[in-house]
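Below is one structure, written out as structure tokens; the observations come after it.
The values are calculated or read from the model by the stated rules, or taken from the named source; none is laboratory data. As the structure is a prediction and not an experimental result, all values here were calculated from the model. Glycine gets a Cβ as well: all are built from the backbone with ideal geometry, and neighbour counts include every protein chain shown. Side chains are part of the model used for accessible areas, which takes the heavy atoms of the whole protein and leaves out ligands, DNA and RNA. Shrake-Rupley method; radii C 1.70, N 1.55, O 1.52, S 1.80 Å.
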Amino acid sequence: MKKYHILLAVAVSTIAGGCNDFLDRTPYDEVGNKAVFSTPSLAESVVTGAYSNLRADYNSTTAVNFDALSSVLDPGDIALHQRYEYLLGNIQSDNALFSNRWKRLYEGINRANDVINNMGGVPEMTDELKACRIAECKFIRAYSYYLLNACWRGVPIYLENLADAEYTKPRSTEEQVWQQCIDDLTDCIDCESLPDKYAAGSSDWGRVTKGAAYALRGKVYMWLKKWSDAEADLRKVGELGYKLYEGNYADLFTLANEHCDEMVFSITMTELSGMGNVLSSVYGTRATAGYGHSQFYLNPTFIDSYEWADGRPFKWDDVIEGYSTMSPKSRSVFFLRDNMSAEEAANMQAYGSDMSQYLESGNEARIAAAYAGRDPRLAATAITPSAQYVGGSTGSAVTYTMRFPYRSMNAPAFDILTEQPSNYRYLIRKFVTVGTEYANPTFNPVDIPVIRYAGVLIDLAECLNEQNKTDDAIPVLNQVRNRAGVAPLNQPGNDNVKVTGKDDMRRRIINEQHWELAGEGVLYFDELRRGTWRSDKFFTGNGMNEIWGEVILPYQWRDNYGLWAVPRAEIDKNGNLTQNPGWF
């Protein structure tokens, strides 16, 4: 699939002609739409176009990161927040977030429909290959409808491409859209030509498999609370040969392991402009090769949720006595660098730091103790105070340290510089380039996992727990915890990991999912499904916050936030569409 994507730019430019500015419902011009199914090579280019639409969430620095809507990440600054007005309580139905997402997902459906409805007539192509490509595009169509339905809960269903004026269907119900997803995914699973999985290094790696179809259908059943059906599908994924990567968690998100058996479905990336993933750029800092833009940070409450490796809940007062009773500004003193200058100390005193508790030569070591010995996924995901990071923005590998106040990226300080150096926030390590490991600093070649087997196990644990099979859910979740290097649940003699019932296990499952999948762009949709988005994102005191809890910009909840607004432009052009409650 690496080669497959190298050919993508040529293929798409050949067939993508007359995209209109409404839904991009017709991804090919009139001539191309008829001609591309006249030969196997041209028909394959249409399949390539269907896959290419999936990369749009990861190959642009202006794409919406859905984990920044979830409780684990936060946008970086005020200007960036204008693209995330959902968090500020003032978003309207004409916001580009809604219209762009609607448009792109229907474009993906359109491209998939082209293949599904025309591939059968391609000459000189085997029936087996035709069936396989149709099944792949039914998965892509189901995935697009899955994302649409997660946000809007009921959208028009189009299974064939029409003239622009004919796109006038009303919204189907949420249940009808879920059923369409199930129907498409069942067709995938029943397709004899679709493989269970691909071996690492296969030229077809990155294409849809039965394992991916089972995993996504299991997700749909979870939305419908059909827990036993979801359980059966999720168990099937493991039976098809997918399993946890046995090495360190941090090594999962590297080029060396992008094809390991844990990756059920990934978006294939190539180290070419516009065709690689940009997470290193948007997650990284000015120290990162290519100069990252610090567009996103990890939420302080999320960071505090990581347990100690032995399963004890993290509490600041266990590390720094009296921390929780101090005001956020006063406790900023604990996060300051050693040996501050008189000017730096005076500035922090004026800010509100309790400088009476400052340690001239031990301040950094004291705060570092709050992060040592925690769940190893914390250090793999975040760059925490006093931690080091090997950057490459100078063209050479240089070791930088996260310190505040920022002084300089140059010697002797070698501090990490962000886009907002006057603020101190948790930096992201996951997916960020180390040193100069990739030739293209902006478009990295590492595939982006959409479905990982660890996530499948966490979903399976949830399905079991919701069926009152908590005792069965515990060993399933422990597979993920054991790989992470943390104490297993119900470990003998360890009361910190003793599961006290279904409700306790439910919260443990949510936490485990957040710790395991943070930064991968999938958590927001599960928070919507569970109805936990409001409580976990919009609680009092949460927002764009400093590490020590001072609110830079608070988040504001509105009662209509549980459902997305149908884009106003779509309603204007299709009078049969109805708006979700609370939107105008």
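Listed values, structure above:
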{"quantity": "Selection count where residues are assigned to a helix (DSSP H, G or I) and crowded, with 19+ Cβ neighbours inside 10 Å, scope the range 82-96", "calculated": "3"}
{"quantity": "Qualifying residue in the range 512-519 (condition: farther than 19 Å from Tyr306 by Cα, in contact (Cβ under 8 Å) with a residue 60 or more places away in the chain and out of contact with any Asp or Glu (no Cβ under 7 Å at 6 or more places or on another chain))", "calculated": "no"}
{"quantity": "All positions within the range 35-67 that are open to solvent by less than 20 Å² (accessible area, probe 1.4 Å), of a type in the set (Gly, Ala, Ser) and touching a Lys or Arg at 6+ places or on another chain (Cβ under 9 Å)", "calculated": "Ala43, Gly49, Ala50, Ser52"}
{"quantity": "Considering residues of the range 376-408 that are free of Cβ contacts under 8 Å to residues at least 24 places away in the same chain and not in a loop (DSSP other than H, G, I, E, B) only, the residue farthest from Asp74 (Cα to Cα)", "calculated": "Thr399"}
{"quantity": "Subset tally (residues that are over 21 Å from the mean Cα position of the chain (by Cα) and either assigned to a helix (DSSP H, G or I) or hydroxyl-bearing (Ser, Thr, Tyr) (or both)) for the range 192-219", "calculated": "5"}
{"quantity": "First in the range 558-584 and farther than 17 Å from Leu97 by Cα, second anywhere and of a type outside the set (Val, Ile, Thr) and not in a loop (DSSP other than H, G, I, E, B), Cβ under 8 Å, 6 or more apart", "calculated": "Leu577/Glu570"}
{"quantity": "The lone exception for Ser273 - which of (1) open to solvent by 50 Å² or more (accessible area, probe 1.4 Å); (2) in contact (Cβ under 8 Å) with a residue 40 or more places away in the chain; (3) over 30 Å from Met409 (Cβ atoms) it fails", "calculated": "(3)"}
{"quantity": "Residue list for the range 463-473, restricted to those being in a helix (DSSP H, G or I) and open to solvent by 10 Å² or more (accessible area, probe 1.4 Å)", "calculated": "Glu466, Thr470, Asp471, Asp472"}
{"quantity": "Residue that is nearest to the chain's Cα centre (by Cα), among those in the range 335-365 that are closer than 30 Å to Phe253 by Cα and surrounded by 13 or more Cβ atoms within 10 Å (Cβ to Cβ)", "calculated": "Phe335"}
{"quantity": "Candidates Thr436, Thr399, Thr418, Thr394, filtered to the one that is among the hydroxyl-bearing types (Ser, Thr, Tyr), under 25 Å from the mean Cα position of the chain (by Cα) and open to solvent by 30 Å² or more (accessible area, probe 1.4 Å)", "calculated": "Thr436"}
{"quantity": "Sole residue being in a helix (DSSP H, G or I), within 18 Å of Gly218 (Cα to Cα) and open to solvent by 10 Å² or more (accessible area, probe 1.4 Å), chosen from Val476, Val456", "calculated": "Val476"}
{"quantity": "Positions within the range 147-171 being farther than 23 Å from Ala56 by Cβ and either crowded, with 18+ Cβ neighbours inside 10 Å or of a type in the set (Phe, Trp, Tyr) (or both), in sequence order", "calculated": "Gly154, Arg171"}
{"quantity": "Looking only at the range 277-333, and only at residues there that are basic (Lys, Arg) and touching a residue at least 24 places away in the same chain (Cβ under 8 Å), the one that is least open to solvent (accessible area, probe 1.4 Å)", "calculated": "Arg331"}
{"quantity": "One residue from Met544, Met505 being of a type outside the set (S, T, N, Q) and in a strand (DSSP E or B)", "calculated": "Met544"}
{"quantity": "Residue within the range 169-179 that is part of a helix (DSSP H, G or I), among the polar types (S, T, N, Q) and on the phi < 0 side of the Ramachandran plot present", "calculated": "yes"}
{"quantity": "Pair list, Cβ under 9 Å, 6 or more apart: the range 216-243 residue more than 16 Å from Asp184 (Cα to Cα) and free of Cβ contacts under 8 Å to residues at least 40 places away in the same chain, other residue among the small types (Gly, Ala, Ser) and surrounded by fewer than 22 Cβ atoms within 10 Å (Cβ to Cβ)", "calculated": "none"}
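Rundown of residues vs (1) polar (S, T, N, Q); (2) touching an Asp or Glu at 6+ places or on another chain (Cβ under 9 Å); (3) modelled with pLDDT of 95 or more, yes/no style:
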{"site": "Asp57", "(1), (2), (3)": "no, no, no"}
{"site": "Ala63", "(1), (2), (3)": "no, yes, no"}
{"site": "Phe66", "(1), (2), (3)": "no, yes, yes"}
{"site": "Leu73", "(1), (2), (3)": "no, yes, yes"}
{"site": "Arg83", "(1), (2), (3)": "no, no, no"}
{"site": "Leu88", "(1), (2), (3)": "no, no, no"}
{"site": "Lys103", "(1), (2), (3)": "no, yes, yes"}
